[in-house]
Amino acid sequence: MPKLLSLNGEFESPATGPLAAGRHRPPWPAENGDSMVRQGVTAAAPELVDAGNWTPECGKGVRLTVDDEVDERFLAANRIAIEFPAFNDGRGLSLAVLLRTRHGYAGDIVATGDVHEDMLHYLRRCGFTSFLVPDERSLDTALSTLAPYSDYYQASVIEPQPAFRRIGRGA
Amino acid sequence: MYRYDSFDQKFIDERVAHYRDQTRRYLAGELSEEQFLQLRLRNGLYIQRLAPMLRVAIPYGTLSSRQLRMLAHIARHYDRGYGHLSTRQNIQFNWPELEEVPDILADLAKVQMHAIQTSGNCIRNVTTDEFAGVAADEEIDARPYCELIRQWSTSHPEFDWLPRKFKIAVTGAPVDRAAINVHDIGIRAYPAPGRRSGTDGEDLFDIKVGGGLGRTPVIGALIREGLPARHLLTYLEAIMRVYNRYGRRDNKYKARIKILVRAMTPEGFKARVDEEWSHLENSASTLTPAEIARMRAHFRPPDYPPREGAAETLAADRLRDPSFDQWVRLNVSAHKQPGYAIVTLSCKPTGVPPGDVDDRQMEAVAGWAEAYGFGEVRISHQQNFVLPDVAADALHDLWRSARALGLGTANRNLATDIICCPGGDYCSLANAKSIPVAEAIQQHLEDQDYLHDLGEIDINISGCMNACGHHHVGHIGILGVDKKGREYYQISLGGHSGDDASLGKIVGPSVSRDEVIAVIQDILDTYLAHRIEDESFLHCVRRLGLEPFKERIYAKAA
């Protein structure tokens, strides 16, 4: 059974509207090496309903495909899953970025489908907060490769300031 | 040139460790071939016909003597003593052991080099004018902007898994030596009207998108004019997001951005990008004046000691030695600084695969860059070495040394300065060999007077449709095709990669390897018979059209 790896525990309360005060400020702990990750691992797969059948009343997460457009209705869900048809399909990355930065979605974004350990650091920086790791993939590896780099050049969902605005760079 | 600070160094050191772990997991059977393929491609490692091939990044073609010496060491220690300069201003090693690649990357990291994103469906090494920073005709040194793009695109969280590879080129000169018309994104940088770059006012960019070679050659469409420099990264972000979301992923031959731009129309694509950018404009990724100034400072010109009498010495040397004079005429270009010159060291002597250089040559070039310049070397997309700062009165010494090592051939932009991919000798994608064709042409044109009389002719050879040899933009393009298991070659005419870029037109049915030389000769004969005074080959082809060439080539068969 696939394992659900969550970076910041529970996502009980659904987001309502954009993150007004700090539009780009994430609701989860800021990145800082390993201490960033307050992950939890559960064996239970999240309950999800395909976008076409999902209603705000169903109380379950909504499952999007990587080429879905964002429908404002989905922002009321406490969890949005993005299903990767192949681990190297980058569309899901942009979709998550849009959910976080354009639509201010603050609930859980979970990667499902072909989720590969080596994609986790990209997924995390694009705003994914949970990963449904398939049986054949190694959870140990997934945990150890969550943050292979201590810092990055660009801004991302979890680090909204690019390096050149945050730290003094050498001339 | 750009020097790493502790941030950059830490990042590539961690990259080495990361890749070492990925290699370990592959060798331990934890990663499948396909999974490891995607990971190693993010680090420049291909599995070729005979062995792995490692492509090392030379960002925008600039490297130091120290870096070049490390490449020589890698060629000696991990390879068979040579490397191949690529058309993306990178260097490729054809014989590394997969298990040793992490060690090679560790050696590269010691001299601030890497192989990040030199292959795979991601943003590749950004390229520019090989004369950037020193060309007499230049308005802006494009390299600070290239470095900003390099840093921004390195392990970008959102844009490292694109539908297909993605190539960006920037030029800051009115004469386009960076082929910006045939890139996924081509950027022309220029100072705001009436202002000088770096002193007052903000540089501006014209942005072209959707150019490219490959199976479907296209000239890029201009989608933005006069974009202020501070918006560079956010505007690129908008383009990349539209491409990442809507570019085709169902067919690798239709996955480049040019296909999307064509499907949406350039106007439709532009509208989509502008809409996306409206959300990103002035966001945190907007460049600060301090960051642009910091990057410019890395590329500040050296203090050029005045060279009293350099021009007179050079003139006397040229008068005394006609062979040297010819080399200067062809391989030496005008420098911003009086008394200095830009030297192209040809890596296209007859009998050597175009762009192949051995470790002794690399060591020597590194030494010359220090002895005659300021320790900086360039790689051109025509697969030659460039020494950017040679004192005019030292040219004769340099030429003699270069000639002794096979780097002094006077053929820049002539018909023997052939752009050529590794082809069927190395590459598993190739339909046909390209290196032997290049060599046959070079041998055929060994009469120097004849070669020089022909003037500038770009001959570009690709071993397959992927067009690594840029055959579409060769004045004469040669494309290897497979005909029932036999190597054939399709010849095109009239391509050009500069400002007035054009794509070559196919002259007729493809020909066998044995027939290529005769066809080239027919083409050259037709040109010489029709040219008016000093008319260039390209101009002549454009004026005449294909007919006279066709008639000549195919008359015999009829």
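Data overview
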{"read-out": "Candidate set: region B:316-338, residues that are within 32 Å of the chain's Cα centre (by Cα) and small (Gly, Ala, Ser); chosen: the one farthest from residue B:141 (Cα to Cα)", "value": "B:323"}
{"read-out": "Filtered residues of region B:118-152 (kept if part of a loop (DSSP other than H, G, I, E, B) and open to solvent by 10 Å² or more (accessible area, probe 1.4 Å))", "value": "B:121, B:124, B:125, B:133, B:136, B:137, B:138, B:139, B:141"}
{"read-out": "Every residue from region B:88-107 that is in contact (Cβ under 8 Å) with a residue 60 or more places away in the chain and not in a loop (DSSP other than H, G, I, E, B)", "value": "B:91, B:92, B:98, B:99, B:101, B:102, B:105, B:106"}
{"read-out": "Counted residues, region B:279-295 - those being more than 9 Å from chain A (Cβ to nearest Cβ), open to solvent by 70 Å² or more (accessible area, probe 1.4 Å) and not polar (S, T, N, Q)", "value": "2"}
{"read-out": "Helices (runs of 4 or more DSSP H) lying entirely in region B:368-473 (those with 3 or more residues that are open to solvent by less than 10 Å² (accessible area, probe 1.4 Å) and assigned by TED's automatic domain parsing to the domain that holds residue B:339)", "value": "B:395-404"}
{"read-out": "Subset of region B:295-311 [among the basic types (Lys, Arg) and over 26 Å from the mean Cα position of the chain (by Cα)]", "value": "B:307"}
{"read-out": "Residue count, region B:153-175 (criterion: more than 14 Å from chain A (Cβ to nearest Cβ), open to solvent by less than 10 Å² (accessible area, probe 1.4 Å) and charged (D, E, K, R))", "value": "0"}
{"read-out": "Qualifying residue in region A:135-155 (condition: of a type in the set (Lys, Arg), more than 9 Å from chain B (Cβ to nearest Cβ) and either open to solvent by 10 Å² or more (accessible area, probe 1.4 Å) or outside any strand (DSSP E or B) (or both))", "value": "yes"}
{"read-out": "Subset of region B:70-87 that is out of contact with any Gly (no Cβ under 9 Å at 6 or more places or on another chain) and part of a loop (DSSP other than H, G, I, E, B) - its residue that is farthest from the other protein chains (Cβ to nearest Cβ)", "value": "B:81"}
{"read-out": "Residue match in region B:207-216 (condition: among the charged types (D, E, K, R), at pLDDT 95 or above and under 23 Å from the mean Cα position of the chain (by Cα))", "value": "yes"}
{"read-out": "Residue selected from region B:21-45 under the condition part of a loop (DSSP other than H, G, I, E, B) and closer than 14 Å to residue A:145 by Cβ, by the criterion farthest from the chain's Cα centre (by Cα)", "value": "B:30"}
{"read-out": "Among the residues listed as B:524, B:479, B:528, the single one being of a type in the set (A, V, I, L, M, F, W, C), closer than 30 Å to residue B:84 by Cβ and either assigned to a helix (DSSP H, G or I) or open to solvent by 80 Å² or more (accessible area, probe 1.4 Å) (or both)", "value": "B:524"}
{"read-out": "Unique match (being at pLDDT 95 or above, more than 13 Å from every other protein chain (Cβ to nearest Cβ) and open to solvent by 30 Å² or more (accessible area, probe 1.4 Å)) among A:83, A:72", "value": "A:83"}
{"read-out": "Residue check for residue A:65: open to solvent by 10 Å² or more (accessible area, probe 1.4 Å), under 16 Å from residue B:244 (Cβ atoms), in contact (Cβ under 8 Å) with a residue 40 or more places away in the chain and out of contact with any Phe, Trp or Tyr (no Cβ under 6 Å at 6 or more places or on another chain)", "value": "no"}
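The values are calculated or read from the model by the stated rules, or taken from the named source; none is laboratory data. These figures come from a predicted structure and were not determined experimentally. Neighbour counts are summed over all protein chains in view; Cβ atoms, including those assigned to glycine, are modelled from backbone coordinates with ideal geometry. What goes into the accessible areas is simple: the full protein's heavy atoms, side chains included, and nothing from ligands, DNA or RNA. Shrake-Rupley method; radii C 1.70, N 1.55, O 1.52, S 1.80 Å.
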